[in-house]
Amino acid sequence: MLNSVAPGRYAHVVGWGSAVPERVLTNAEIESFVETNDAWIRERTGICERRIASPDDDTVSLGTRAARRALACADILPNQVDLIITATSTPARFFPATANLIQDRLGATRAGAFDLLAACTGFIYGLGLAAAQIRTGAINTAVVIGTETLSRIVDWQDRNTCILFGDGAGAFVLTASEVPGGVLDVVLHSDGSGGDLLTCHTGMRSFWLEEEASRDAIHMSGREVFRFASRVMVTATEEVLERCGLEPEDVSLVVPHQANIRIIEAAARGLKLPMEQFAVNIERYGNTSTASIPLAFEEAMQAERVHSNDYVVLVGFGAGLTWGAAVIQWAARPTRAIQLRAILQESWYILARVRSLFLRFLRFIGALIFRKSDTER
Ligand code: ACO
């Protein structure tokens with residue numbers, strides 16, 4: 001995907017951040033409303049608990065928090081951002097895009113913004129698009145966000161699915177640099193013939209039906225998705241490594257989509273890598289779809305598992321069917337002469353809120369004036 005690039009121009013990940021709701025839902029609690037048990041869930045999935053968004057939270061608020069943390073980590077102000085890509089399967093609204101609403105809350109006034117839907121592979125898709133835009137010279141700085149409130153599209157009576165999913169958000173900041181490395185390559189795949197294996201209908205009204213369509217929930221053929229996932233985690237990783245002239249043993253860390261610990265173990269066996277080389281946090285968050293890779297990556301960074309010149313693989317799969325993988329050659333972060341102070345960033349977000357309210361007020365006054373002049377005509 002990154003073959004046609006401007007020479008000497010690289011896309012580096014310079015910031016990362018995440019946000020999860022406070023409410024923890026344990027396996028024991030799920031036992032109280034569907035026929036399941038903690039031992040089965042732990043053994044068959046590796047999940048012990050997940051987070052559930054409060055009624056006040058949505059993909060916009062979680063995504064904004066994750067993006068703010070990633071920007072603070074990168075020491076970059078929102079007005080330096082050229083592009084915001086939000087990957088989500090649970091947008092707050094059909095439109096405007098979640099990315100537009102996050103852009104407003106960040107006060108990223110120069111940035112273009114859009115959502116993409118590639119289910120759990122969405123973060124890899126977003127990373128690939130952002131890196132390509134940077135490497136061709138079209139833009140300098142991008143924020144890629146994965147944000148989900150899957151708890152709102154889960155059928156809490158369906159034990160096949162309700163045990164798996166959780167809510168959360170994660171974000172990366174990417175910038176252009178002359179330092180070799182960064183996002184080296186990304187492979188993206190799709191097979192829509194498997195679309196029915198994992199699906200959630202929109203519940204939109206029909207012109208032809210009198211009743212309102214009811215909102216649907218996630219439907220999944222678990223075993224078939226499991227088999228597909230165990231295979232493509234290996235093939236996508238091998239493919240992207242081969243394109244970079246690398247072997248699995250060159251990789252220091254694999255950050256896989258967190259869907260089931262047994263899928264990650266199968267990938268480790270297939271790649272002949274020890275489980276210690278995989279970033280795993282599924283036990284605490286479950287499957288957070290597009291957020292799972294940046295969430296696991298942030299924890300790996302906190303644990304100092306990534307060092308200069310390490311090769312890191314991000315690999316995921318999801319509904320669609322979709323799958324993909326990326327290779328990052330980690331570089332020491334460029335040190336800035338003056339670290340932007342947190343207080344400056346906080347003030348920025350307050351001003352962004354004031355600006356947004358002011359623009360809404362101006363639109364309201366404008367609409368009143370037009371209405372008055374229309375009635376006088
Ligand atoms: N508690 C207890 N028993 C259960 C539960 C549960 N929560 N769920 C299923 N069972 C039962 C089944 O009914 C079945 O019983 P039976 O043999 O009497 O019919 C038995 O356990 C085994 O069922 P399987 O479906 O074979 O269980 P499996 O070991 O395959 O685990 C699971 C099911 C966890 C869903 C697994 O198939 C899986 O993880 N699949 C992949 C799912 C996935 O990754 N989805 C996300 C994709 S990413 C995205 O885009 C959102």
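None of the figures in this text is laboratory data; all of them are computed from the coordinates on show. Owing to the predicted nature of the structure, the values given are computational and were not obtained by experimental measurement. Counting neighbours? That spans all protein chains shown, and the Cβs are built from the backbone with ideal geometry, glycine included.
The C-alpha radius of gyration of segment 153-213, expressed as a fraction of 2.2 N^0.38 Å, stands at 1.90. Convex hull volume of the Cα atoms of segment 19-118, normalised per residue: 135 Å³.
With the largest listed first and rounded to whole Å, the semi-axes of the equivalent ellipsoid of segment 278-324 from the Cα gyration tensor are 21, 14, 7.
FRET efficiency for the Ser356 to Cys244 pair, using the beta carbon distance and R₀ = 30 Å, is estimated at 0.10. Within the shell of other residues whose beta carbon sits under 15 angstrom from the beta carbon of Ala97, the net charge comes to -2, with Lys and Arg scored +1 and Asp and Glu -1.
Which percent, nearest 5, of DSSP beta bridges in the chain are antiparallel? Could the numbers behind the result be given before it?
Numbers: 39 of 56 bridges.
DSSP beta bridges in the chain are roughly 70 percent antiparallel.
Peptides 94-104, 108-118 ranked from most to least packed give 94-104, 108-118, packing being the mean of other C-beta atoms within 10 angstrom over each peptide's residues.
Net charge dipole, segment 1-67: roughly 540 debye, given to the nearest 20, about the Cα centre with Cβ charges of +1 for Lys and Arg and -1 for Asp and Glu. Charge dipole of the chain (Cα centre as origin; +1 on each Lys and Arg Cβ, -1 on each Asp and Glu Cβ, all else neutral): 1320 debye, rounded to the nearest 20. Put simply, when 292-299, 256-263 are sorted by average Cβ atoms within 10 angstrom per residue, most first, you get 292-299, 256-263. Spread over its residues, the convex hull of the C-alpha atoms of the chain is 174 Å³ per residue. In the elastic network of the chain, a GNM with C-alpha springs shorter than 10 Å, the most mobile of Leu129, Leu253, Leu362 is Leu362. Computed packing ranks the peptides 363-369, 344-350, 147-153 as 147-153, 344-350, 363-369, most packed first, by mean other Cβ atoms within 10 Å.
Panel note: the C-alpha atoms of segment 234-377, placed on their principal axes, show extents of 77, 44, 33 Å (largest first). The value of relative contact order for the chain, using C-alpha pairs under 8 Å at least six residues apart, is 23 percent.
Here the simple spin-label model places points 7 Å from the Cα toward Cβ, and for Arg9 and Gln345 these points are separated by 2.7 nm. Separation of segment 295-320 from segment 132-178 is 14 Å, based on Cα centroids.
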